[in-house]
Amino acid sequence: MVAFALFKEKRRGPRLAKKIGAKIRQLRLKKRLSQGDLAKKSLVIDRAYISRLERGQVNPTLRTLERLAALLDVSLKDFL
């Protein structure tokens, strides 16, 4: 039973990453920022990483999400 629960949780991860990435892209475009602009504003997040994040290819850390939320002037819950 535990193994099934872990398997089920692993399958959900990629969907959540894609959902968060799509929301970040939507919020970035709403602010009329390119990925490069957002990377320059952050000083620590690379443009290529933002691209992979928006495509759901990476799982961001909480710190990265906090930085992006501050740059986009939104709260963390807005990424869900």
I need a count of the residues in the range 48-58 that are surrounded by fewer than 15 Cβ atoms within 10 Å (Cβ to Cβ) and either closer than 16 Å to residue 69 by Cα or touching a helix residue (DSSP H, G or I) at 6+ places or on another chain (Cβ under 7 Å) (or both). 1
If residue 36 passes every condition in (1) at pLDDT below 95; (2) in a helix (DSSP H, G or I) but one, which one does it miss? (1)
What do you reckon, is residue 56 under 16 Å from residue 79 (Cα atoms) and assigned to a loop (DSSP other than H, G, I, E, B)? yes
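The values are calculated or read from the model by the stated rules, or taken from the named source; none is laboratory data. This one's a predicted model, so the numbers in the text were calculated from it and none came from an experiment. Every residue, glycine among them, receives a Cβ derived from its backbone with ideal geometry; neighbour counts consider all protein chains shown.
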